[in-house]
Amino acid sequence: MRVLLVSNVQLNPYVRLLADGLRAQGASVRLVSGLSPLSLLAQRRRGLDVIHLHWLELLYAAPRSWLSAWRLFILLLTLALARLWGVTVVYTVHNLAHHERRAPRLNAWGNRTLFRLVSALHAHDAVSAQALAPWAAKVYSAPHGSYLGAYPDTVTRPQARERLGLSDAGPVYLFLGGVRPYKGLELLLDAFRTLDDPQARLLVAGHAHQPAYAAAIADLAGRDPRVRLLLRHVPDDELQVLFHASDACILPYRAVTTSGAALLALSFGCPIVAPRLGPFPELAADGRGILFQPENAADLAQALRTVRQLDQATAQAACLTYAQTLAWPVVAQMHLAAYQKARRGAPC
């Protein structure tokens, strides 16, 4: 099967890992960062069975709203041509809505049109699939693959803490990923401030997309000397240091469809603390983390205390065992089965 993966996301290796998994199952795979009628024609001449898109909102994003609308129109027109030419079109629903709610009407219209147009819709879990109920005949589930082996992973916990200048005595909590309002970092800072352990540390690592929001977070963090801000892109080699130095990865999201950050933490053997939303109850099950009531700082503070009671070796083993079940060749096999059903016109 000849598959074209379409995504312009560079830092997250999700699509590259999916491509590797599909190739391991015998598929021919190409990756592109965009699609137009002319590029579609060129791809069709090389042979094309399936187009699999990711992160629609990023494929048409532009500085001006009229340009975003034009790019979206061209992309949807291209996909309509692909369907007309017998190409199966699949879309992974990473997000149900734009995180910053930019151009909400354009985003909603784009999703509705795309969902009608595609041959199949991919959801990572049952909760996300349920949210796609109006298109149930097109929906299939395949889990988010793990990040085992995707990043360097050679440091020990003592080495990691030494590199960060942290004592081995106190608990260390980690927030890692893009610093954006929907991720609820303010809630975490409020909750952490109520902990009465002077040796506790909170690491906040990731690029802040909006300067004004970064300034607001820096102001909140500055009220507690136990908080360390690393508001920048985290290089691949530093991920292992941050995760292995930490007792838990905290994900205080206000809304979530899929969490690559949670899978990344589990792939480093780091348990998670997350709200009872979306995929988190499944990801945190069986000793892999602690849940709290969404947007409840007091309950989050209690979860921060509770996660410290987990046996570190047992929790790490549970996380890694779960991550091993999400090998990309296995996940890719599920995608290929769905592609084949969609090409036959059968319900997914």
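A few comments on the model shown:
- When the test is whether a residue is in contact with a Phe, Trp or Tyr (Cβ under 7 Å, 6 or more places away or on another chain) and either open to solvent by less than 30 Å² (accessible area, probe 1.4 Å) or not aliphatic (A, V, I, L, M) (or both), Leu185 passes it.
- Conditions (1) under 24 Å from Asp197 (Cβ atoms); (2) open to solvent by less than 40 Å² (accessible area, probe 1.4 Å); (3) in a helix (DSSP H, G or I); (4) at pLDDT 95 or above; number of the one not met by Leu220: (4)
- When Ala255, Ala285 are checked against the criterion of being outside any helix (DSSP H, G or I), open to solvent by 10 Å² or more (accessible area, probe 1.4 Å) and at pLDDT below 95, a single residue qualifies: Ala255.
- Candidate set: the stretch 124-158, residues that are touching a residue at least 12 places away in the same chain (Cβ under 8 Å), open to solvent by 60 Å² or more (accessible area, probe 1.4 Å) and under 23 Å from the mean Cα position of the chain (by Cα); chosen: the one farthest from Leu320 (Cα to Cα): Trp135
- Of the helices (runs of 4 or more DSSP H) lying entirely inside the stretch 9-109, those containing at least 2 residues that are in contact with a Gly (Cβ under 9 Å, 6 or more places away or on another chain) span 14-24, 56-59, 65-84.
- Residue, nearest to Leu264 (Cα to Cα), within the stretch 237-252, restricted to residues that are within 18 Å of the chain's Cα centre (by Cα) and not in a helix (DSSP H, G or I): Cys249
- Cβ-Cβ under 6 Å pairs, at least 6 apart or on other chains, the stretch 159-186 side part of a loop (DSSP other than H, G, I, E, B), far side among the aliphatic types (A, V, I, L, M) and open to solvent by 10 Å² or more (accessible area, probe 1.4 Å): Gly177/Ala261
The values are calculated or read from the model by the stated rules, or taken from the named source; none is laboratory data. These figures come from a predicted structure and were not determined experimentally. Cβ coordinates were reconstructed from backbone atoms using ideal geometry, including for glycine residues, and neighbour counts include every protein chain displayed. Just the protein is used for accessible areas: all its heavy atoms, side chains included, with ligands, DNA and RNA removed. Shrake-Rupley method; radii C 1.70, N 1.55, O 1.52, S 1.80 Å.
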